[in-house]
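Everything below concerns the one structure shown next.
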Amino acid sequence: MLKIISQYLLIMNNVVSSTICIIGHFGIGKSSLVSSFMFGTFSKKTESTIGMCYLNKLIKNENYNINLNIWDTAGQERYAPLLPMYTRDADVILAVIDPTQEQQSINYVNNVLNNVLECRTNNPPFGVHVVISKVDTQENLEKCEKIAEKVKENIEDILFNTNNSFTDVSLFYTSSKQNFNTDLPFLESLEKIYREKNPIIPQNEEKDPLLVHILNNNENQNKYSCNSC
């Protein structure tokens, strides 16, 4: 109830609260993807995330504001049982796959998403999107596309088994090192979240180009914290 009231008050004050959670095996570029989107920089971390990292971005516009919360989760197996807690309020989940660690990436996402989505049957996320990282390491995208389609089919099977026809599944191909498409998964997710949470906007109306505009030309405040579990 408090969550619903909070979201209502945010909308009434022209602020739409958005939460995106990043999941994936360790060492596959999740934190670099977030750093590229949030700060426009490539972060080649030498140490894996411990527990989770929380980031916040307030995106301001004269018509509406977006309060974006990002949970960058650790990919070690010992932290997997905590994912249902981190993802329980996530509007969109980004499942990151590294083509240079294909099997480990796929196995991890398949295993954890079963638990995550089973806990969300009464409160499904708006989207569970597949993000292929490190496409700069591939000579062509054919292998990446096959991997992405395979993971998408697995996610759709999980959603079907949990009687979920609401959640969207999209594919994105990114390279944090080359700053290629790193903003796209977030932009598309925010577009979906904004429209689902803002009852003023008709669902069948064309996408608002202002959303992309404000994400690239906004006055924003970034907050970052790292917590060990």
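Using packing as a proxy for protection, rank 165-173, 178-186 so that the peptide with the highest average count of other Cβ atoms within 10 Å comes first.
Ranked from most to least packed, the peptides come out as 178-186, 165-173.
Past 19 Å, Cα to Cα, is the threshold; run K30/K134; K134/K177; K57/K152; K150/K177 against it and keep the listed order.
In this structure, K57/K152; K150/K177 lie more than 19 Å apart at Cα.
Could you look at the range 120-204 and say what percent of its accessible area is carbon and sulfur, using a 1.4 Å probe and all protein chains?
Reported share for carbon and sulfur atoms: 45 percent.
As an exercise, use a Förster radius of 22 Å and the Cβ-Cβ distance of N163 and E191 to find the FRET efficiency, rounded to the nearest 0.05.
Numbers: r = 26 Å, r/R0 = 1.18.
After rounding, the FRET efficiency stands at 0.25.
Counting pairs of Cα atoms in the range 47-198, how many percent are more than 24 Å apart?
Tail fraction, whole percent: 33.
Please identify the GluC sites (Glu not before Pro) of the range 105-171 that satisfy two criteria: DSSP loop assignment and at most 14 other Cβ atoms within 10 Å. Which are they?
Those that pass, being in a loop and sparsely packed, are E139.
Quick check of the Kirkwood formula: for the range 101-176, what is the inverse mean of 1/r over all pairs of different Cα atoms, in Å?
Averaging 1/r across every pair of different Cα atoms and inverting gives 13.1 Å.
Across the Cα atoms of the range 144-204, what radius of gyration and what greatest pairwise Cα-Cα distance (Dmax) are found, in Å?
Computed over the Cα atoms of the range 144-204, radius of gyration and Dmax are 14.4, 39 Å.
At a probe radius of 1.4 Å, what is the per-residue accessible area of M85, in Å² to the nearest 10?
Probe radius 1.4 Å; accessible area of M85 about 90 Å².
Keeping all protein chains in position, work out how much accessible area H25 exposes to a 1.4 Å probe, and write it in Å² to the nearest 10.
Here the accessible area works out near 20 Å².
The values are calculated or read from the model by the stated rules, or taken from the named source; none is laboratory data. All values derive from a computational prediction rather than experimental measurement. Here Cβ is always computed from backbone atoms with ideal geometry, including for glycine, and neighbour counts include all displayed protein chains. Side chains are part of the model used for accessible areas, which takes the heavy atoms of the whole protein and leaves out ligands, DNA and RNA. Shrake-Rupley method; radii C 1.70, N 1.55, O 1.52, S 1.80 Å.
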